[in-house]
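A quick write-up on the structure given underneath.
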Amino acid sequence: MAQKAITGLQKMPNGIWKIDKKYRGERIQESTGTGDRAEAEQYLIHLLEKLRQCKVYGVRQVRTWREASIRFLLEVKDQASIHVSATYM
C-alpha cells in the first residue's frame, strides 16, 4: 500500500519545496529549503508539532533579543526619544 503524501507542500519552479498550509486557523507559508520531498515532509511535520505544542499545551516560543528589541522599538516609535532608546539597545 502506498504511503499517503502530506498536504500543504508545493514545489517551486527552482525545485525547492514550499509550505502553504492552514493549521488551526493559522496560515503557514515558508520555504523548506530543500528539494527533497521526504525531507520537506519531515520539516513540515516538525513545524506542525511545534505549533501543536504551542496551541494545546501553551508552550511558549523562544524569542531572541533582536526580536524583542525590534518589537519594542515598533511599539514606541512615536516617542520623541526613540533615537535614545535605539542607541542604548
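Any read-out appearing in this document is the output of simple, stated calculations on the displayed coordinates, not a laboratory observation. Treat the numbers as computed from the prediction; the structure is a model and nothing was measured. Please note: Cβ atoms are built from the backbone with ideal geometry, for glycine as well, and neighbour counts cover all protein chains shown.
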Practice task
May I ask for the Kirkwood hydrodynamic radius of the chain, worked out over all distinct Cα pairs and given in angstroms to one decimal?
Solution key: 16.1
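Using unit Cβ charges (K, R positive; D, E negative) and no other charged atoms, how large, in debye to the nearest 20, is the dipole of the chain about its Cα centre?
Once rounded to the nearest 20, the dipole reads 280 debye.
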Completion exercise
Highest mean packing first, using Cβ neighbours within 10 angstrom, the peptides 19-26, 54-61, 39-46 sort as 39-46, 19-26, 54-61
Practice task
Working from Cα positions, state the angle (0 to 90°, nearest 10) between the long axis of helix 65-75 and the longest principal axis of the chain.
Solution key: 60
Practice task
Working from Cα positions, state the angle (0 to 90°, nearest 10) between the long axis of helix 37-52 and the longest principal axis of the chain.
Solution key: 50
Practice task
Please give the FRET efficiency for LYS55 paired with THR34, using the beta carbon to beta carbon distance and R0 = 22 Å, rounded to the nearest 0.05.
Solution key: 0.30
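Filter LYS22/LYS50; LYS4/LYS50; LYS21/LYS50 down to the pairs with a C-alpha to C-alpha distance above 19 Å, please.
LYS4/LYS50
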Handout entry: Mean projected area in nm² (Cα convex hull; one quarter of hull surface) for the stretch 13-55
Key = 2.9
